[in-house]
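Take a look at the structure set out below.
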Amino acid sequence: MGPPNDTVVTQFILIGLSEDLRTRALFFGIILVAYVISFLGNGLIIILSVADPQLHTPMYFFICILSSIDFILSNYILPEVLFNCLLSRPAVSFYKCLTQMYIGLFLVSTECTLLAIMAYDRFAAICQPLRYMQIMSWKLCISLVAVSMAFSAVTVLITALLQPTDFCGRNVINHFACELQSFLKLACSDTRASELFMHVSSLFLLIPPFGFIVVTYGRIGWAVMLIRSKEGRKKAFSTCSSHMAVVSVFYGTIMIRYVKPQQTSLDQDKMIALTYGVLTPTLNPVIYSLRNRDVKGAFWRVFKRKRSE
């Protein structure tokens with residue numbers, strides 16, 4: 001897909017997070033810290049999940065997939081955002097903009113359904129511990145991830161087929177990255193089909209998985225209440241509350257961005273996009289794994305094994 005012959009748009013100009021130099025410098029520092037944490041945290045989880053046999057379980061398989069999504073998303077988007085913080089109105093080519101937009105859409109869509117799959121995995125582990133490995137077989141785990149990715153790929157494909165081709169020379173995107181809603185606002189051609197599909201697909205990608213997660217963690221909470229050990233209840237509630245905090249930030253910000261009926265200001269849209277694009281890849285490794293005793297044990301086992309070689 002690309003611009004037709006009568007369109008002069010060959011690149012887009014990004015307004016960025018702010019046109020004020022000091023504000024851009026502040027955002028540069030915040031995003032840099034978040035990027036380093038995300039890079040190291042998610043990279044470490046991927047390495048440990050592959051290298052340590054004791055982490056070869058369904059739960060850590062899903063966590064490894066989640067970390068891989070966050071790792072790719074952070075490394076594909078954030079370095080360019082950091083570089084653009086140093087420039088005033090940076091330019092990005094037409095096709096690079098489309099690639100960035102569709103890869104980001106695929107990764108975020110996959111993460112939406114993956115978080116729901118992970119909630120079901122925790123439900124099976126806590127509520128059906130004796131049948132856990134029977135329920136969460138490797139065949140089912142791989143199939144669930146494959147279906148999640150396939151659904152996201154179809155969503156991206158339809159979005160690409162519906163994309164506008166006529167921009168009447170308009171090429172200034174008021175955003176810090178190529179993003180679907182901001183992209184559609186530049187089109188001169190009819191975008192009603194694209195906007196309708198965006199809202200419908202957003203509803204299917206966000207509402208059912210989020211509702212499933214809330215119901216699942218509600219049932220997990222009820223099961224935890226029946227645990228006699230006070231220490232066991234405290235540990236389970238701590239894990240569930242941490243997971244729900246990450247889920248709430250991720251789904252909440254995306255729902256405000258894509259499902260809301262009212263319009264927010266452009267600056268608010270940027271902050272919302274920054275939250276789910278930068279904050280959640282940073283929080284996920286900290287909440288899901290790095291505080292986990294199994295991950296800490298795997299780190300020292302792999303570290304000692306490397307030193308002994």
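Given the criteria outside any loop (DSSP other than H, G, I, E, B) and touching a strand residue (DSSP E or B) at 6+ places or on another chain (Cβ under 9 Å), does Cys112 qualify?
Values: outside any loop (DSSP other than H, G, I, E, B): yes; touching a strand residue (DSSP E or B) at 6+ places or on another chain (Cβ under 9 Å): no.
It is false that Cys112 is outside any loop (DSSP other than H, G, I, E, B) and touching a strand residue (DSSP E or B) at 6+ places or on another chain (Cβ under 9 Å).
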Practice task
Sort through Arg122, Arg89 and tell me the only one that's open to solvent by 60 Å² or more (accessible area, probe 1.4 Å) and basic (Lys, Arg).
Solution key: Arg89
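Which residue out of Ser68, Ser49, Ser74 is touching a Pro at 6+ places or on another chain (Cβ under 6 Å), assigned to a helix (DSSP H, G or I) and at pLDDT 85 or above? Reasoning before the result, please.
Numbers: Ser68 fails: touching a Pro at 6+ places or on another chain (Cβ under 6 Å); Ser49 fails: touching a Pro at 6+ places or on another chain (Cβ under 6 Å).
That would be Ser74, the only listed residue that is touching a Pro at 6+ places or on another chain (Cβ under 6 Å), assigned to a helix (DSSP H, G or I) and at pLDDT 85 or above.
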Handout entry: Among (1) under 27 Å from Thr57 (Cα atoms); (2) free of Cβ contacts under 8 Å to residues at least 60 places away in the same chain; (3) open to solvent by 10 Å² or more (accessible area, probe 1.4 Å), the one test that Leu114 misses
Key = (3)
Exercise for the section: From (1) within 23 Å of Asp269 (Cα to Cα); (2) more than 25 Å from the chain's Cα centre (by Cα); (3) open to solvent by 40 Å² or more (accessible area, probe 1.4 Å), pick out the condition that doesn't hold for Asn174. Expected result: (2)
Problem - Leading residue by the ranking (most open to solvent (accessible area, probe 1.4 Å)) among those in region 34-61 that are more than 20 Å from the chain's Cα centre (by Cα) and among the β-branched types (Val, Ile, Thr) - result: Val50
Problem - Yes/no for Leu107 being in a helix (DSSP H, G or I) and touching a Leu at 6+ places or on another chain (Cβ under 8 Å) - result: yes
Exercise for the section: Would you be able to say whether some residue in region 153-165 is assigned to a loop (DSSP other than H, G, I, E, B) and out of contact with any Ser or Thr (no Cβ under 6 Å at 6 or more places or on another chain)? Expected result: yes
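The values are calculated or read from the model by the stated rules, or taken from the named source; none is laboratory data. What you see is a predicted model, and the numbers here were worked out from it, not measured in a lab. Please note: Cβ atoms are built from the backbone with ideal geometry, for glycine as well, and neighbour counts cover all protein chains shown. These area figures cover heavy atoms from the full protein model, side chains too; ligands, DNA and RNA do not enter into them. Shrake-Rupley method; radii C 1.70, N 1.55, O 1.52, S 1.80 Å.
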